[in-house]
Amino acid sequence: MLGTASESKKKIYRIIYGYWQSQCVYTATNLGIPNLLHYGPQTVEIIAEKTGTKAEKLYVVLRALAHLGIFVEKPGRVFAATELSELLITDDSPSIGHFLMHITEPDMWDGWRELESSLKTGEVPFELAKGKDFYSSFMTENPRSKYLFNNAMSFLTAEAVDPLFEVYDFSRFQTVMDVGGNQGTLIANIVKRFGCKGILFDLPHEVETAPNNISKYGVLDSVKIVGGSALESLPKGADAITMKYFLSVFSREDSIKVLTNCREALPKDGRVILLQTLVPSLGAPVEYPDGTIPGLAAVQMMITNPGGYWRTEEEYKDLFAASGFQLEQVVYTGTSLTVMEFSPC
């Protein structure tokens, strides 16, 4: 019993320490320290000079991060990169470092502080904290937050495409429309890999950076970029619509509106391809092999979204059925991303 109690206590402590860890990692990444150490070990004094910080205070943070394995501390207060810090490099392409900074930036933490209040009022925590909608208002006014969000989403998509393409074939479609596709990383990869045409659809301010991003894949001429709201209408012309995490931001009522618009935009033999991390059913493992804990991520979704959160497989089946769709197949990618394919009834 003593061993069990001791392990339980240590687990509680690790949970308590969680935000200390994430804030230290956020601060170092925001200062660009993983980028600096990528080129070789440096003393804390040199790092402080390059980042405009006080060496003695910075040392306390870097030492803590070394204890967590993010960096390595060497004699003479010298710090070096590790495999973990290399993942946080942000001066090259979208990385987990961008995802980290998006999730843990101060404005996002402000939303988390309103979680208890939101449970009592039903309001969106982020809107309680900041007085504005995260997606359409806040990011429009805060380019830095928009940059972090866009790169975080591009990173998550890039991580998912290879396992997805190994188990799901998009080549049977002539034109695929990615609804809520942000910078277009997913649709660019689909078009490049399978030779189909593409349509990128998202809010006007979300697709502003899409041309530059899609051009990196050499398929800009094959992807039509359209700005608009999925709650109002969708362009026609695609025989398949894909949505990656997109329905997570909507309540059940608004999700049905989006899916109704999907049905109206598709031909009778069209398909909706939902790409989603599913919350495990009761009794199933709560953590995916890649470390994703969907039940916890669902809370993060609730912080910024009015009524939106991650759902179980059964909840998505019910949602689509209420919108005039029937389930054709479920394909598991081996990662936290699952494919659910639906057709109009």
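Just a few scattered comments:
- Among residues of the stretch 33-55 that are in contact (Cβ under 8 Å) with a residue 60 or more places away in the chain, those with a Cβ under 6 angstrom from a residue that is small (Gly, Ala, Ser) and not in a strand (DSSP E or B), sequence gap 6+ or separate chain, pair up as PRO34/SER85.
- The stretch 259-298, subset open to solvent by 30 Å² or more (accessible area, probe 1.4 Å) and of a type in the set (Ser, Thr, Tyr), residue farthest from the chain's Cα centre (by Cα): THR260
- Sole residue being surrounded by 16 or more Cβ atoms within 10 Å (Cβ to Cβ) and closer than 25 Å to SER137 by Cα, chosen from SER233, SER248: SER248
- Search result, residues across the stretch 46-55 that are open to solvent by 70 Å² or more (accessible area, probe 1.4 Å) and either closer than 21 Å to GLN21 by Cβ or touching a helix residue (DSSP H, G or I) at 6+ places or on another chain (Cβ under 7 Å) (or both): LYS50, LYS54
- Some residue of the stretch 322-333 being over 22 Å from ASP169 (Cα atoms) and surrounded by 20 or more Cβ atoms within 10 Å (Cβ to Cβ): yes
- For the stretch 184-217, a residue qualifies if it is of a type in the set (S, T, N, Q) and modelled with pLDDT of 90 or more, and the qualifying residues are THR185, ASN189, ASN212, ASN213, SER215.
- Residues in the stretch 163-213 that are within 19 Å of the chain's Cα centre (by Cα) and assigned to a loop (DSSP other than H, G, I, E, B): GLY180, GLY181, ASN182, GLN183, GLY184, LEU203, HIS205, GLU206, VAL207, GLU208, THR209.
The values are calculated or read from the model by the stated rules, or taken from the named source; none is laboratory data. If you're wondering where the values come from, they're calculated on a predicted model, not measured in any experiment. All Cβ positions, glycine included, derive from the backbone under ideal geometry; neighbour counts span all protein chains shown. With ligands, DNA and RNA removed, areas are computed over all heavy atoms of the protein, side chains included. Shrake-Rupley method; radii C 1.70, N 1.55, O 1.52, S 1.80 Å.
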